[in-house]
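J.: I'd like to ask you about the structure that follows.
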Amino acid sequence: MLSECLKSVFSTIGTLEVEVFVVDNASTDGSAEMVETQFPFVTLIKNTENKGFASANNQAISLSKGRYILLLNSDTVVHDIVICKCVEYMDQNLGVGVMGCRVLNTDGTLQPTCSQYPTLGNLVLLTSGLWRLPWPMFLDRYQMRRWKRTDQRDVEVVSGCFMLVRASAIEEIGMLDERFFFFGEETDWCNRFQQAGWRLRFAPVGEITHHGGGSVRKLDYKRDLMLSSAMVALHLKHGGRVAGISAYVIVLVFNLSRALFWTAATCLLRSEHAKTRSRHFLSLLRNSARVWPTNKTFTP
């Protein structure tokens, strides 16, 4: 995936003057060696331990000299001249601090990136499943899945799989918060940009493909533990202890309801899928204490 990603970048940047960084978080699949062999002109940073998404990106950002920084996941493919188009768009819209483009799944379908901030209300909409109802449209406000991403608009969160950020905006609000290990860091960053007065923008100037799951495929239920913990940490940081506890309860109720549903489905249907989902949510429940962030600096 990383090789495919890098090839797509260099074949689509046109006349842009760029510097490309690859930060290897102690991988064991030969990725770093592949970069050294196939892409010797790339700046490779090899970590001896997995420092997490935020810390790894900060390493590269601190060395970068460009007027824009593009965060790009290794499990993506850049199409046409989307990077050039995004730079052009940012040059023409000086109030925009962060932007994203159209993102496709592997099969070519639309991936609904960019969203509202995950407020407590939006968390309830997501975990309750109310967003699936066709009416009223208000219920779809969080992830905006009915929006076809064919028009430009202001958003509250831009996905970190392809996030173009103005360097001057980073100088103003600071780097990614490294207390977020994996998940939540770009949401926190977007919130800080917005609080500082920068606009976050989605514009359909081009497309990338995001295969998804390239870095988390082996995590099974631990992925959801990390995601849940990041969500609680967001609310602790930006809303205080009451908001953090509320987010924790919402996540707990969601996992409990799903565990009960899939366990009952297992008894009634005896399908392998139901058994797998039941084990997944029961594992989340058994590890509920780990959802609360252990880093006490998140607590005001």
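J.: Compactness ratio of the chain: Cα Rg over 2.2 N^0.38 Å, N = residue count?
T.: Ratio of Rg to 2.2 N^0.38 Å for the chain: 1.03.
J.: Using the Cα centre of the chain as the reference point, and only Cβ charges (+1 on K/R, -1 on D/E), how large is the resulting charge dipole? Debye, rounded to the nearest 20.
T.: 1340
J.: For the range 68-73, take each phi angle, set θ = phi - 60°, evaluate the Karplus expression 6.51 cos²θ - 1.76 cosθ + 1.60, and give the result in whole Hz per residue in order, putting x for glycine and proline.
T.: 10, 10, 10, 7, 9, 5
J.: Taking the Cβ of each residue in 238, 210 as the centre, tally the other Cβ atoms inside 10 Å and list the residues starting with the fewest.
T.: 238, 210
J.: Could you tell me the largest-minus-smallest coordinate of the C-alpha atoms of the range 115-249 on each of the three principal axes, in descending order and whole angstroms?
T.: Principal-axis extents of the range 115-249 (Cα, largest first): 38, 37, 33 Å.
J.: Where the centroid of each part is defined by its Cα atoms, how far is the range 64-86 from the range 107-133 in Å?
T.: For the range 64-86 versus the range 107-133, the Cα centre distance is 25 Å.
J.: Mind checking Rg over Rh on the range 221-294, alpha carbons, Kirkwood formula for Rh?
T.: 1.08
J.: Now, a different point. Using Cβ counts within 10 Å as a stand-in for footprinting exposure, how do 291, 77, 18 rank, fewest first?
T.: On the way: 291 22, 77 18, 18 14.
Fewest-to-most Cβ neighbours within 10 Å comes out as 18, 77, 291.
J.: So how far, in whole Å, is the C-alpha centre of the range 1-55 from the one of the range 172-208?
T.: 22
J.: Here is a follow-up. What do you get for trypsin sites (Lys or Arg not before Pro) in the range 218-265 restricted to DSSP loop and a cutoff of at most 13 other Cβ within 10 Å of the site's Cβ? Provide the component values of the computation, followed by the final result.
T.: On the way: sites: 218, 222, 223, 237, 241, 258; in loops: 218.
Those that pass, being in a loop and sparsely packed, are 218.
J.: Under the Karplus relation 6.51 cos²θ - 1.76 cosθ + 1.60, θ = phi - 60°, what is the ordered set of whole-Hz ³J(HN,Hα) values for the range 278-290, x standing for Gly and Pro?
T.: My calculation for the range 278-290 gives 4, 4, 4, 6, 5, 5, 4, 5, 5, 10, 4, 5, 6 Hz in order.
J.: Next up: Restricting to bridges with both residues inside the chain, how much of the DSSP beta-bridge set is antiparallel, in percent to the nearest 5?
T.: 55
J.: Taking only the alpha-carbon positions of the range 14-123 and ignoring solvent, what does the Debye formula give for the base-10 log of I(q)/I(0) at q = 0.19, 0.22 Å⁻¹?
T.: -1.28, -1.40
J.: Right, next: Compute the helix-to-body angle for 185-195: its Cα long axis versus the longest principal axis of the chain, expressed 0 to 90° and rounded to tens.
T.: Roughly 70 degrees, rounded to the nearest 10.
J.: With a 10 Å Cβ neighbour count serving as the proxy for reagent exposure, in which order, fewest first, do 44, 269, 123, 200 appear?
T.: Fewest to most other Cβ atoms nearby, the residues stand as 269, 44, 123, 200.
J.: 5 Å is the cut-off here: which amide hydrogens, built 1.01 Å from N in the peptide plane, fall below it relative to residue 110, excluding neighbours closer than 5 in sequence?
T.: HN-HN under 5 Å from residue 110: 105.
J.: With axes computed from alpha carbons, what is the tilt in degrees of helix 241-269 against the longest principal axis of the chain, rounded to the nearest 10 within 0 to 90?
T.: The angle comes out at about 60 degrees.
J.: Taking Cα atoms, how many degrees apart are the long axis of helix 221-239 and the longest axis of the chain, rounded to 10 and kept between 0 and 90?
T.: 80
J.: ³J(HN,Hα) across the range 22-30 via Karplus (A = 6.51, B = -1.76, C = 1.60, θ = phi - 60°), whole Hz, x for Gly/Pro?
T.: 10, 9, 9, 8, 6, 5, 10, 9, x
Values quoted throughout were computed directly from the atomic coordinates according to the rules given, and no laboratory measurement underlies them. No experiment lies behind these values; they were computed from the predicted model shown. No Cβ is skipped: glycine too gets one built from the backbone with ideal geometry, and neighbour counts run over all protein chains shown.
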